[in-house]
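Have a look at the structure below before the remarks.
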Amino acid sequence: MSLDDLCSGALDRYFDVGFNRLMPDEQLLVVIWGIEADVNNGGFHQYYFNGYGNFARLAPRMLRQIGASQTAQIVAEANALFGPEGPAPDRDERQRALESLDDDSWEYLDNRFWAYPDNLSELLGRHVGLQSIGRLCGLPHLIAPMRGPEYPVNASLGLAMTTQSMSDATAWLESADKACYQAKKAGRGQLICA
């Protein structure tokens, strides 16, 4: 499943059940997809004007959560233009506040965001992929960061699911083995599903 598929699924669920009923990974996908889409389309002004701006207060934390610390700082600076409380989660209230802000303030922040100091797609894909794998494999250290010094670790994983057409465990193991070798051949940070 691609990152686009995961984002589409999270957005579909968001529109069906609302933000508060989403799983944490789905919320993260919606928040980060929303800011990236709106800022890339029309800058921060558009982001705050539109509905995804409802989650602006969550965006810096979620960006840091995936490792996008520079982008999180840019968003935090944009949020600060609304004052110490940041932008209102209510769209109408936020739009009224937006009218009183100087439009020239956005250009600098837009340009910094558009310079892409963090590769959001790569970081988001890794984060969501590792979190999902961690839950599937029972590896809590992938879900909750450990305390202490940080050591960069990269992994490539191959996953295989059983299907009704598989007659025994050998077929599943062959599929898993093939996925593992494809992931290894593809390089670090890859997730291959067979």
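The values are calculated or read from the model by the stated rules, or taken from the named source; none is laboratory data. Source: prediction; values computed, not measured. Glycine gets a Cβ as well: all are built from the backbone with ideal geometry, and neighbour counts include every protein chain shown.
Just to confirm my filter: which helices (runs of 4 or more DSSP H) fall fully inside the stretch 1-90 and include at least 1 residues that are under 14 Å from PHE113 (Cα atoms) and without any contact (Cβ under 8 Å) to a residue 24 or more places away in the chain?
The helices (runs of 4 or more DSSP H) meeting that bar are 24-49, 59-65, 69-80.
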*State which residue is nearest to ASP4 (Cα to Cα) when the search covers only the stretch 20-42 and only residues that are of a type in the set (A, V, I, L, M) and surrounded by 21 or more Cβ atoms within 10 Å (Cβ to Cβ).*
LEU29
*In this structure, does GLY86 turn out to be out of contact with any strand residue (DSSP E or B) (no Cβ under 9 Å at 6 or more places or on another chain), buried (at least 16 other Cβ atoms within 10 Å of the Cβ) and on the phi > 0 side of the Ramachandran plot?*
yes
*Within the stretch 1-51, can you find the residues that are at pLDDT below 95 and among the hydroxyl-bearing types (Ser, Thr, Tyr)?*
SER2, SER8, TYR14
*Would you say VAL17 is surrounded by fewer than 16 Cβ atoms within 10 Å (Cβ to Cβ), assigned by TED's automatic domain parsing to the domain that holds ASP102 and among the hydrophobic types (A, V, I, L, M, F, W, C)?*
yes
*Considering every residue within the stretch 96-112, establish whether at least one is modelled with pLDDT under 75 and either over 17 Å from the mean Cα position of the chain (by Cα) or under 26 Å from TRP33 (Cβ atoms) (or both).*
yes
_Looking at the stretch 120-132, I want the residues that are closer than 21 Å to ASN40 by Cα and at pLDDT 70 or above and have a partner that is not in a helix (DSSP H, G or I) and not acidic (Asp, Glu) with Cβ atoms under 6 Å, at least 6 apart or on another chain. Which pairs are those?_
LEU120/ALA68; LEU123/ILE66; LEU123/GLY67; LEU123/ALA68; LEU124/ILE66
*With the condition kept exactly as written, say whether any residue in the stretch 43-64 is surrounded by fewer than 17 Cβ atoms within 10 Å (Cβ to Cβ), at positive phi and in the same structural domain as PHE113 (by TED's automatic domain parsing).*
no
